[in-house]
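See below for the structure under consideration.
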Amino acid sequence: MTMDMKTIYLLVVLCPLAGAIGAGFFGKLLGRAFAHSITIAGVAASFILSCIVFQDVMAGNQFNGALYTWTVTEGINLEVGFLIDRLTVLMMLVVTFVSLMVHVYTIGYMAEDDGYQRFFAYISLFTFSMLMLVMSNNFLQLFFGWEAVGLVSYLLIGFWFKRPTAIYANLKAFLVNRVGDFGFLLGIGLIFATMGTLNYSEVFAKAPMLKDAIAPVPGFTWNLITAICIGLFIGAMGKSAQFPLHVWLPDSMEGPTPISALIHAATMVTAGIFMVARMSPLFEMSQAALSFVLIIGSITAFFMALIAIVQYDIKRVVAYSTLSQLGYMTMALGAGAYSAGIFHLMTHAFFKAVLFLGAGSVIMAMHHEQDMRKMGGLRKYMPITYFTVLIGAIANAGLPPFAGFFSKDTIIEAVHASTTPGAGIAYLAALGAVFVGGLYSFRLVFFAFHGKERWHDAAHHDDHHDDHGEHHGLAPGEKPHESPWVVTLPLILLAIPSIAAGWLISDVVYGTYFGSAVEKGVIAAMAGNFHGVMGMMAHGLVTPPFWLAMAGLATAYYCYIVKPDLPANIRKKAGALVTILEEKYGFDRFNDWFFAGGARNLGRGLWKFGDVAVIDGFFVNGTAKVIGWGSTVVRKVQTGVVSTYAFAMIIGVFAMLTWLFFRLY
């Protein structure tokens, strides 16, 4: 491996970091144009260099080595290093391309925001952190990138830090991810304790020899590999928002819309999916861990999709859609279809970024109104946004020949073919989620872009504020308008792969693209049934997922175009079911009562008992009281009469002589 390629690897991650430093430290001094120019240039350079790395890897060159030794402890090297293989370069291209589109989009979306330079610094820093995560060749660097993206996500979700809801949301995201990271650290700790290394290749080489080993956990007889995999996956549950650690992602919509596309659709939430795929040699050795992954993914895919159909906030509809799609990816991992999971990660990054950025374009046109009940009829006013969102919705619903069809259909087929315990239940959940996915995807399109123009309808006005923290809505007589080119151009460029990315399935999923980067799993057994892109489309037209997605589309059309009054009537009659979905199954209330409320009560109890009663009352004030009482007693001995002191001295001397006499004789 030449030094030139190593330099390119470094530049891929350092260019966004340089942009972040420039915008963060000098943006206020040199102005907005400098801030967006330097960050966009850094991410664009990173994308171009990633394309060069992709060509080099496709030519047969790979790299796995250390660049810097951080420290050496007991003969174990803790290093910064890169693993550049076909899985890595796929993630590099997705991260840098989507990030570049979001950077350009941000010029228009954040044009009026006072934190313009700070926002560009944050999203560029996030790109650096994500690249460090996906390019790492060891768990130390993986954990650095893992925590760095969590930190920057915290900063971005709470970007409008004067809004209590934003502060609540970023704190919630931070704390929920710490729960997941506890399991992640336990998994890494078990690897370090039992294998004596944190390097991926060395861990994979030693793991087969420890397949039947027992984890060194006192009082338990868990299989070592299973314990490691479940620990690592708990980390993925937090980062990739899987049930029950999913609660942070919908609230993260409090941040500006561009970060919803960058962090919560294409990059950060997929970090957990990438990590499990990278660890596929370990997961393939534990059926129990795969079953756990599969069931968690199926629960997330189906039950989060249901919540999307009762949401009116356009961003939250897309947010719950993201949760459901992440559930599909997790199901693929649990079924052993790692390449299919990564393929859906890639296609989802494009069409979900389109949906988020399209939602942001609508929010801009509506003067930052997010309630779909006050939209409608936007199609003729925003044709570019409409067609790109429609493309994203079709891909999200999984209809051919768009990208989501190929990746989602492959996952469902893989789950159906899987022998992992729980695959039958997961398959039914996946089919149910297909119908609901078609329903909520086209509900968004029909509700926001078709039908009656409800911009000035006062029936649904409320007191919440907009995506920029100000009062929202169009002024009387005002009409929406198409967004500027810095917003629509990224939408168009992301819509293209939302259509065509699925056509790469022959090589990426069923072919030899990944090589040894991920395990074949169940895909190896399915490859014989694959007959190319056209064959897969023909096959898809006669399978349940296609017809269920079409049923979802038809249901949305009937409810929101043919009978627009029907959803309100269904909502009234559904009663408890709608309430359960609106309350998100009670998880937020339970967390607020049990975890947040419990923590507050615990703190209050420790304060009243531990601090006030024990520390202040017993140790501090109690000591003072004892000393005060003792001094009162001793003070009575100090009479000031000389004869009393002389008598006390005589008694004392007599006592000492008596003691000496009996001791000597």
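The values are calculated or read from the model by the stated rules, or taken from the named source; none is laboratory data. The model shown is predicted, which means the values in this text are computed figures rather than measured ones. For neighbour counting, all protein chains shown are included, and Cβ atoms are generated from backbone atoms with ideal geometry for every residue, glycine included. Surface accessibility is based on the protein's heavy atoms, side chains included, excluding ligands, DNA and RNA. Shrake-Rupley method; radii C 1.70, N 1.55, O 1.52, S 1.80 Å.
Tell me which residues, restricted to segment 627-665, are open to solvent by 100 Å² or more (accessible area, probe 1.4 Å) and either at pLDDT below 80 or closer than 30 Å to Ala613 by Cα (or both). Please lay out each step first, then the result.
Narrowing segment 627-665 to residues open to solvent by 100 Å² or more (accessible area, probe 1.4 Å): 627, 629, 635-636, 638, 642, 647, 649-650, 654, 656-657, 659, 661-665.
Those that are open to solvent by 100 Å² or more (accessible area, probe 1.4 Å) and either at pLDDT below 80 or closer than 30 Å to Ala613 by Cα (or both): Ile627, Trp629, Arg635, Lys636, Gln638, Val642, Arg663, Leu664, Tyr665.
Counting only residues that are among the charged types (D, E, K, R) and touching an Asp or Glu at 6+ places or on another chain (Cβ under 6 Å), how many does segment 246-284 have?
Taking segment 246-284 and keeping what is among the charged types (D, E, K, R), we get 251, 254, 278, 284.
The next check asks that each one be touching an Asp or Glu at 6+ places or on another chain (Cβ under 6 Å); those that pass are 284.
Here the count works out to 1.
Which of the numbered conditions does Gln325 fail, given that it passes all the others? Conditions: (1) without any contact (Cβ under 8 Å) to a residue 60 or more places away in the chain; (2) in contact with a His (Cβ under 9 Å, 6 or more places away or on another chain).
(1)
Considering only residues that are of a type outside the set (A, V, I, L, M, F, W, C) and without any contact (Cβ under 8 Å) to a residue 40 or more places away in the chain, look in segment 1-20 and name the one that is most open to solvent (accessible area, probe 1.4 Å).
Initially, segment 1-20 is screened for residues of a type outside the set (A, V, I, L, M, F, W, C), giving 2, 4, 6-7, 9, 16, 19.
Next, only the ones that are without any contact (Cβ under 8 Å) to a residue 40 or more places away in the chain stay: 2, 4, 7.
On the way: Thr2: 79, Asp4: 110, Thr7: 63 Å².
Going through the qualifying residues, I end up with Asp4.
Across segment 21-32, which residue is nearest to the chain's Cα centre (by Cα) among those that are open to solvent by 10 Å² or more (accessible area, probe 1.4 Å) and of a type in the set (Gly, Ala, Ser)? Give the steps one after another, and end with the answer.
Residues of segment 21-32 that are open to solvent by 10 Å² or more (accessible area, probe 1.4 Å), as a first pass: 21, 24-26, 28-32.
Still in the running and of a type in the set (Gly, Ala, Ser): 24, 31.
Numbers: Gly24: 24, Gly31: 32 Å.
It comes out as Gly24.
If you take the residues of segment 526-550 that are aliphatic (A, V, I, L, M) and exposed (fewer than 15 other Cβ atoms within 10 Å of the Cβ), which of them is nearest to Arg278 (Cα to Cα)?
Keep residues of segment 526-550 that are aliphatic (A, V, I, L, M), which gives 526-527, 533-534, 536-538, 541-542, 548-550.
Of the ones still in play, those that are also exposed (fewer than 15 other Cβ atoms within 10 Å of the Cβ) are 527, 534, 538, 541-542.
On the way: Ala527: 21, Met534: 30, Ala538: 32, Leu541: 33, Val542: 34 Å.
The residue in question is Ala527.
Gly586 passes all but one of (1) in a helix (DSSP H, G or I); (2) over 26 Å from Leu428 (Cα atoms); which number fails?
The failed condition is (2).
If I filter segment 198-207 for residues that are open to solvent by 20 Å² or more (accessible area, probe 1.4 Å), touching a residue at least 60 places away in the same chain (Cβ under 8 Å), part of a helix (DSSP H, G or I) and under 18 Å from Pro281 (Cα atoms), do I get at least one hit?
yes
What do you reckon, is Trp222 within 25 Å of Met331 (Cβ to Cβ) and without any contact (Cβ under 8 Å) to a residue 40 or more places away in the chain? Full working, then the answer.
Working: within 25 Å of Met331 (Cβ to Cβ): yes; without any contact (Cβ under 8 Å) to a residue 40 or more places away in the chain: yes.
Judged against the criteria, Trp222 is a match.
If only one of Phe139, Phe128, Phe161 is more than 19 Å from the chain's Cα centre (by Cα) and not aliphatic (A, V, I, L, M), which one is it? Don't jump to the end; show me each part of the working.
On the way: Phe139 fails: more than 19 Å from the chain's Cα centre (by Cα); Phe128 fails: more than 19 Å from the chain's Cα centre (by Cα).
So the residue among Phe139, Phe128, Phe161 that is more than 19 Å from the chain's Cα centre (by Cα) and not aliphatic (A, V, I, L, M) is Phe161.
Report the residue count in segment 56-67 for those that are out of contact with any helix residue (DSSP H, G or I) (no Cβ under 9 Å at 6 or more places or on another chain) and more than 15 Å from Leu142 (Cβ to Cβ).
So the answer is 2.
So, of the residues in segment 229-260 that are among the hydroxyl-bearing types (Ser, Thr, Tyr) and assigned to a helix (DSSP H, G or I), which turns out to be surrounded by the fewest Cβ atoms within 10 Å (Cβ to Cβ)?
So the residue we want is Ser252.
Among the residues of segment 510-522, how many are closer than 21 Å to Pro400 by Cα and surrounded by 16 or more Cβ atoms within 10 Å (Cβ to Cβ)?
Looking only at segment 510-522, we keep the residues that are closer than 21 Å to Pro400 by Cα, and these are 510-511.
If we keep only those that are surrounded by 16 or more Cβ atoms within 10 Å (Cβ to Cβ) as well, we get 510.
Counting residues in segment 510-522 that are closer than 21 Å to Pro400 by Cα and surrounded by 16 or more Cβ atoms within 10 Å (Cβ to Cβ) gives 1.
For segment 162-184, what are the residues that are farther than 19 Å from His264 by Cβ and surrounded by fewer than 16 Cβ atoms within 10 Å (Cβ to Cβ)?
Lys162, Pro164, Phe182, listed by residue number.
Give me a count of the residues in segment 187-197 that are buried (at least 19 other Cβ atoms within 10 Å of the Cβ) and either within 24 Å of Ser240 (Cα to Cα) or touching a Ser or Thr at 6+ places or on another chain (Cβ under 9 Å) (or both).
4
For residues in segment 474-495 being in contact with a Ser or Thr (Cβ under 8 Å, 6 or more places away or on another chain) and modelled with pLDDT of 85 or more, which is farthest from His103 (Cα to Cα)?
Initially, segment 474-495 is screened for residues in contact with a Ser or Thr (Cβ under 8 Å, 6 or more places away or on another chain), giving 482-483, 487-488, 491-492, 494-495.
Subset that is modelled with pLDDT of 85 or more: 487-488, 491-492, 494-495.
Values: Val487: 10, Thr488: 13, Leu491: 12, Ile492: 15, Leu494: 13, Ala495: 16 Å.
Ranking the candidates gives Ala495 first.
Given the criteria out of contact with any Lys or Arg (no Cβ under 8 Å at 6 or more places or on another chain), at pLDDT below 85 and closer than 30 Å to Ala429 by Cα, does Ser498 qualify? Steps first, please.
Details: out of contact with any Lys or Arg (no Cβ under 8 Å at 6 or more places or on another chain): yes; at pLDDT below 85: no; closer than 30 Å to Ala429 by Cα: yes.
It is false that Ser498 is out of contact with any Lys or Arg (no Cβ under 8 Å at 6 or more places or on another chain), at pLDDT below 85 and closer than 30 Å to Ala429 by Cα.
Across segment 415-448, what is the total count of residues that are open to solvent by less than 20 Å² (accessible area, probe 1.4 Å) and either assigned to a loop (DSSP other than H, G, I, E, B) or modelled with pLDDT under 90 (or both)?
Number satisfying all stated conditions: 4.
Among the residues of segment 362-378 satisfying the criterion of being farther than 18 Å from Thr388 by Cβ and not in a helix (DSSP H, G or I), which is most open to solvent (accessible area, probe 1.4 Å)?
His367
Just need a number here: residues in segment 318-351 that are hydrophobic (A, V, I, L, M, F, W, C) and either open to solvent by 10 Å² or more (accessible area, probe 1.4 Å) or assigned to a loop (DSSP other than H, G, I, E, B) (or both).
The initial filter retains those residues of segment 318-351 that are hydrophobic (A, V, I, L, M, F, W, C), namely 318-319, 323, 326, 329, 331-333, 335, 337, 340, 342-343, 345-346, 349-351.
If we keep only those that are either open to solvent by 10 Å² or more (accessible area, probe 1.4 Å) or assigned to a loop (DSSP other than H, G, I, E, B) (or both) as well, we get 337, 346, 350.
Total satisfying the criteria: 3.
Enumerate the pairs (first residue in segment 401-415 and among the aliphatic types (A, V, I, L, M); second residue anywhere and assigned to a loop (DSSP other than H, G, I, E, B)) with beta-carbon separation below 6 Å, excluding pairs fewer than 6 apart on the same chain, so at least 6 apart or on different chains.
From segment 401-415, the pairs are Ala414/Ala337; Ala414/Val522.
I'm told Ile263 meets every condition in (1) buried (at least 24 other Cβ atoms within 10 Å of the Cβ); (2) within 18 Å of the chain's Cα centre (by Cα); (3) at pLDDT 90 or above; (4) of a type in the set (A, V, I, L, M, F, W, C) except one. Can you identify the failing condition by its number?
(3)
What residue, among those in segment 208-228 that are hydrophobic (A, V, I, L, M, F, W, C) and open to solvent by less than 80 Å² (accessible area, probe 1.4 Å), is farthest from Gly336 (Cα to Cα)? Can you show your working first?
First, the residues of segment 208-228 that are hydrophobic (A, V, I, L, M, F, W, C): 209-210, 213-215, 217, 220, 222, 224-225, 227-228.
Retained after the next criterion (residues that are open to solvent by less than 80 Å² (accessible area, probe 1.4 Å)): 210, 213, 215, 217, 224-225, 227-228.
On the way: Leu210: 21, Ala213: 22, Ala215: 23, Val217: 27, Leu224: 20, Ile225: 16, Ala227: 18, Ile228: 17 Å.
Looking at residues that are hydrophobic (A, V, I, L, M, F, W, C) and open to solvent by less than 80 Å² (accessible area, probe 1.4 Å), I get Val217.
Wholly within segment 266-317, which helices (runs of 4 or more DSSP H) include no fewer than the required count, namely at least 1 residues that are out of contact with any strand residue (DSSP E or B) (no Cβ under 7 Å at 6 or more places or on another chain) and more than 25 Å from Val149 (Cβ to Cβ)?
Working: elements: 271-278, 280-283, 287-308.
Passing ranges, in order: 287-308.
Check whether at least one residue in segment 575-585 is of a type in the set (Val, Ile, Thr), surrounded by 10 or more Cβ atoms within 10 Å (Cβ to Cβ), in contact (Cβ under 8 Å) with a residue 60 or more places away in the chain and touching a helix residue (DSSP H, G or I) at 6+ places or on another chain (Cβ under 9 Å), and report yes or no.
Taking segment 575-585 as the starting set, the residues that turn out to be of a type in the set (Val, Ile, Thr) are 578-580.
Adding the requirement that they be surrounded by 10 or more Cβ atoms within 10 Å (Cβ to Cβ) leaves 578-580.
With in contact (Cβ under 8 Å) with a residue 60 or more places away in the chain added as a condition, the list becomes 578.
Subset that is touching a helix residue (DSSP H, G or I) at 6+ places or on another chain (Cβ under 9 Å): 578.
Yes, segment 575-585 contains a residue that is of a type in the set (Val, Ile, Thr), surrounded by 10 or more Cβ atoms within 10 Å (Cβ to Cβ), in contact (Cβ under 8 Å) with a residue 60 or more places away in the chain and touching a helix residue (DSSP H, G or I) at 6+ places or on another chain (Cβ under 9 Å).
Those residues that are open to solvent by 10 Å² or more (accessible area, probe 1.4 Å), farther than 19 Å from Ile412 by Cα and in contact with an Asp or Glu (Cβ under 9 Å, 6 or more places away or on another chain), I need them from segment 285-315; list them, please.
Passing the criteria: Val310, Gln311, Tyr312, Asp313.
Of all residues in segment 69-106, which are open to solvent by 10 Å² or more (accessible area, probe 1.4 Å) and touching a Lys or Arg at 6+ places or on another chain (Cβ under 9 Å)?
Correct list: Leu83 only.
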